[in-house]
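Undergrad: Here you go, one structure.
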Amino acid sequence: MSSEFGNLLKISVFGQSHGKAIGVVVDGLPAGEAIDLEELNAFLARRKPGKSPLSTARKESDAPVFLSGLENGVTCGAPLCAVIENSDQHSSDYTELRDKPRPGHADYTAFVKWGGQADMRGGGHFSGRLTAPLCIAGGIARQILARRGVYVGAHLWSVGTERDTPFPLRPTRELFEAVAAKPFPVLDDQAGERMQSLILEARQAQDSVGGVIECAAVGLPAGLGDPMFGGVENRLSAALFGIPAVKGVEFGDGFAAARSCGSANNDPFSVDGDGRIITQTNHAGGILGGITSGMPIVLRTAMKPTPSIARPQRTVSLSAGADTELVIHGRHDPCIAHRAVPVVEAVTAAVLLDLLLEGNHGTF
């Protein structure tokens, strides 16, 4: 089973939701990069569970322990390995799921793939818990990118039918930081309040709701990426689909471009005051032919509603080979999208750092 992505910067995630620990190995980080661990822990805290009624009540410290690759807070060239110990598992809540797969979850497909041997407590290796080590890798990548003038940020674009204000044509580092500092990651706080009400209504109804995350990256040079299958969209999509619950990725106007005309969708070129070639709009999301144009990269990820809901659901008994009913117990998010905002940032940053390393032949 491959839980790895990247070309020069290879990131491998390991562990299970209710195992002893989860972790990540990052190979290919440039040596001599100082990592601000306080900043990294603040980044990890943005996705941490148990902070409000909007998320699961599971409480984890999510404090990474670095086993290799970091000496005195500086990367040393060796593969970086970090682990996070699990401490608040209620595994008994999942006993029934060994025989009754959850609708909408990987319980059944994992059962088939590994002949019933998969550890599916808490979702096992398919759990959103595995996004914590992803955030370690991506949080480090964000710091390295920022030193090169590249900044990545995201916000919750929508929850259900409620929608936030989109990013402006040229989002800034300051805007990214302002959203990241909020307890609920939106641009328009009034829209955020409506989204939170929708999430709490879903929880009260023993249901769940999905959402969309918009992510942007600024400061990238033009010319990164390759046609046809090594394009920036290809690389980002492959990694973003590794985030549990992601069911769709679009760039720029995405599917809306299919309802547009060329005269409206094309981004007119112009020369700015510094002599740089820019576009007056950014329907392409900063990517043309799989290659960065120098404009901000803009993408959106669609997160499905959490499959683990408290309502009775129809499923099957794998042992009896018969239809049955399932009532799921335990602690689950009524919406995963708001906690996934830093995860999308992390994965985007990791892929972009990999692309920059390739463009610089593995070093800065």
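Undergrad: Please give the number of the condition GLY124 fails out of (1) modelled with pLDDT of 90 or more; (2) on the phi > 0 side of the Ramachandran plot; (3) not β-branched (Val, Ile, Thr).
TA: (1)
Undergrad: Quick one: in segment 265-276, which of the residues that are touching a residue at least 12 places away in the same chain (Cβ under 8 Å) and over 31 Å from the mean Cα position of the chain (by Cα) is surrounded by the most Cβ atoms within 10 Å (Cβ to Cβ)?
TA: ARG276
Undergrad: Could you give me the residue pairs with C-beta distances under 8 Å whose first residue belongs to segment 337-364 and is in a helix (DSSP H, G or I), whose second residue is open to solvent by less than 10 Å² (accessible area, probe 1.4 Å) and charged (D, E, K, R) wherever it lies, and which are 6+ apart or on separate chains?
TA: From residues that are in a helix (DSSP H, G or I), the pairs are VAL341/ARG47; PRO342/ARG47; VAL343/ARG47.
Undergrad: Quick check on my filter: what residues within segment 294-339 are within 21 Å of ALA217 (Cβ to Cβ) and open to solvent by 30 Å² or more (accessible area, probe 1.4 Å)?
TA: Correct list: GLY294, ALA302.
Undergrad: Condition test on LEU288, is it free of Cβ contacts under 8 Å to residues at least 12 places away in the same chain, in contact with an Asp or Glu (Cβ under 9 Å, 6 or more places away or on another chain) and surrounded by fewer than 21 Cβ atoms within 10 Å (Cβ to Cβ)?
TA: yes
Undergrad: Within segment 201-219, work out how many residues are in a loop (DSSP other than H, G, I, E, B) and either on the phi < 0 side of the Ramachandran plot or modelled with pLDDT of 95 or more (or both).
TA: Initial filter on segment 201-219 (in a loop (DSSP other than H, G, I, E, B)): 205-210, 219.
Then keep just the ones that are either on the phi < 0 side of the Ramachandran plot or modelled with pLDDT of 95 or more (or both); that gives 205, 207-210, 219.
So the count comes out to 6.
Undergrad: Mind telling me which of the residues GLY115, GLY124, GLY153, GLY104 ends up being outside any helix (DSSP H, G or I) and in contact with a helix residue (DSSP H, G or I) (Cβ under 9 Å, 6 or more places away or on another chain)? Show your work before the answer.
TA: Numbers: GLY115 fails: in contact with a helix residue (DSSP H, G or I) (Cβ under 9 Å, 6 or more places away or on another chain); GLY124 fails: outside any helix (DSSP H, G or I); GLY104 fails: in contact with a helix residue (DSSP H, G or I) (Cβ under 9 Å, 6 or more places away or on another chain).
Result: GLY153 is the single residue among GLY115, GLY124, GLY153, GLY104 that is outside any helix (DSSP H, G or I) and in contact with a helix residue (DSSP H, G or I) (Cβ under 9 Å, 6 or more places away or on another chain).
Undergrad: Since PRO171 meets every condition but one in (1) at pLDDT 95 or above; (2) crowded, with 20+ Cβ neighbours inside 10 Å; (3) in contact with a Leu (Cβ under 8 Å, 6 or more places away or on another chain); (4) not aliphatic (A, V, I, L, M), which condition does it not meet?
TA: (3)
Undergrad: Return the pair list, or none, for Cβ contacts closer than 7 Å from residues in segment 29-54 that are in contact (Cβ under 8 Å) with a residue 60 or more places away in the chain to residues that are among the hydroxyl-bearing types (Ser, Thr, Tyr) and outside any loop (DSSP other than H, G, I, E, B), at least 6 apart or on different chains.
TA: Within 7 Å, the pairs are LEU29/THR75; PRO30/THR75; GLU33/THR75; ILE35/THR75; ARG47/THR131.
The values are calculated or read from the model by the stated rules, or taken from the named source; none is laboratory data. What you are looking at is a predicted structure, and each value in this text was computed from that prediction instead of being measured. A quick note on method: Cβ atoms are made from the backbone with ideal geometry, for glycine too, and the neighbour counts reach across all protein chains shown. Surface areas here come from the heavy atoms of the whole protein model, side chains and all, with no ligands, DNA or RNA. Shrake-Rupley method; radii C 1.70, N 1.55, O 1.52, S 1.80 Å.
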